[in-house]
1. With a 10 Å Cβ neighbour count serving as the proxy for reagent exposure, in which order, fewest first, do Phe356, Phe371, Phe66 appear?
2. Note down the nm distance, to one decimal, between modelled labels 7 Å out along Cα→Cβ at Gln146 and at His201.
3. Let me test this: with uniform point scatterers at the alpha carbons of region 41-143, what is the Debye-based log₁₀ I(q)/I(0) at q = 0.12 1/Å?
4. With viscosity set to 1.306 mPa s and temperature to 10 °C, compute the Stokes-Einstein D of region 310-441, Rh being the Kirkwood radius across alpha carbon pairs; µm²/s, no decimals.
5. Set Lys and Arg Cβ to +1 and Asp and Glu Cβ to -1, take the dipole of region 64-190 about its Cα centre, and tell me which of Ala85, Val111, Ala177 lies farthest positive.
6. Under a plain spin-label model, where a point goes 7 Å from the Cα along Cα-to-Cβ, how far apart in nm are Cys349 and Arg173?
7. How big is the Cα convex hull of region 231-287 in projection, averaged over all directions, in nm²?
8. May I ask for the equivalent-ellipsoid semi-axes of region 1-67, computed as the square root of five times each C-alpha gyration tensor eigenvalue and listed largest first in whole Å?
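Please treat every number below as a calculation from the coordinates, not as lab data. Because the structure is a prediction, the values reported are computed rather than measured. A quick note on method: Cβ atoms are made from the backbone with ideal geometry, for glycine too, and the neighbour counts reach across all protein chains shown.
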Amino acid sequence: MGNGGVMVVRGARVIDPYRQIDSRDEDVWIADGHIVSPAQAVSPSVVVNASHLWLVPRLIDMHVHFREPGQTWKETIATGSRAAAHGGIVAVAAMPNTEPVVDTPELVEWVQHRGQAVGLVRVLPLGAITVGSRGEELADLYRMHQAGAVGFSDDGNPVSSAAMMRAALSYARTLPAAVINHAQERSLSEGGVVHEGRCAHRLGLAGMPEVAESSMVWRDVLLAGLTGGRLHEAHLSTMASVEAIGYAKQHHYRVTAEVTPHHLLLNEEVLLQWGYDPVTKVNPPIRPEATRQALLKAVQSGLIDVLASDHAPHHDDDKAKPYPEAPFGISGLETIVAALMTALVQPGCMSPLEAFGLMTTGPDRVLGLGFPGLRAGALADLTLIDPQKVWTVDPDRFYSLGHNTPLAGMQLRGQALATMVGGQWTMQEGEVLDAGLFAVS
Ligand code: DOR
């Protein structure tokens, strides 16, 4: 649809967590890149019949690795943006563990501009907490925030020093932005490549115990209480981590938490299925079934704010290395919507409204975006989903350069069918529309 035209999407089940609406009786009118009220709209030049489909506002994946600048053989902002559009995603927060690390306002602007130039997804940069993510010296959080950073993270590396974490949380308190930690006590996890447990022993691979993560999550939570700073814990994968988040919320600390699709869909038995193929190698590692169940329960109870993919694409050659040497990471942008539907909605663990809150209102609040939902005047950022579609994950069909996923071959239910950013379709029926440049505002 060109600017000036009026479009109406008819008949969809509109699931809008921003307005707490789940309705089959709402038509969505779009003009000049925005949602308009039917009263404002003249006769539509385009009518989209979306009966049988679900329509959700601005899906956000707030944890992705786009590898640019620096490691463009793994992913670029262009290929990552295509993967996002293909996956039904409208906005991403890009982790700063690139080469160089995004730890200056200039680099924050560079990532933002590159995302806008590609124009397929809203690329929201995250800045590093410490210079070079080395954990030694606080980066210039204020100037990065001024330049457009929506939060701060050394993801890939934990902030090992408690004093540094305290300083980061205290500093971030003066900004409307969260400190996002990859919690892992290195002295306990170093050398580990999988979860420390039965499957690690069977395969003779070095393990990482759950306490490596949860001890740091507890530390961070207590520091959030001490400083009043905003803390977001990335990719939680242990029971005691979840308990720490419960403690924080009981005490009204400014703490939020995230889980990934792979920790909700898989348990450590997947290691036996794939053997020594590092496609299962991810940090934090895939945990035992009891932990997976505890994570599902935590999500169901409302303790978890965000579902994010931790999209970590790697080159096939890197993932072809022996298990201990291969890099950690799963390519997740093109399966996250289906994973949410399969793990949470289809089994009745959550209502669609609650489940999509994990990719809309949840991350919107953590990043301070203030999107109003699908009401007149809002940007026309939305996704159409076929809730019945059953499909088999085939990484060869990914737009991402990273084909590394242990979900390969798995049957999922539910699929993004079309993505719209600022009134422009960026994907339709599985095809990414590269020409769909949207007006950035
Ligand atoms: O598995 C992971 N891969 N976990 C991380 O925290 C970093 C990521 C990456 O950058 O590859």
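1. Result, fewest neighbours first: Phe371, Phe356, Phe66.
2. 5.7 nm
3. With no solvent term, the Cα-only Debye profile gives -0.48.
4. Using the Kirkwood radius from Cα pairs, D works out to 96 µm²/s.
5. About the Cα centre, the residue reaching furthest to the positive side is Ala85.
6. 3.5 nm
7. Its average projected convex-hull area is 4.1 nm².
8. For region 1-67, the semi-axes come out at 23, 17, 11 Å.
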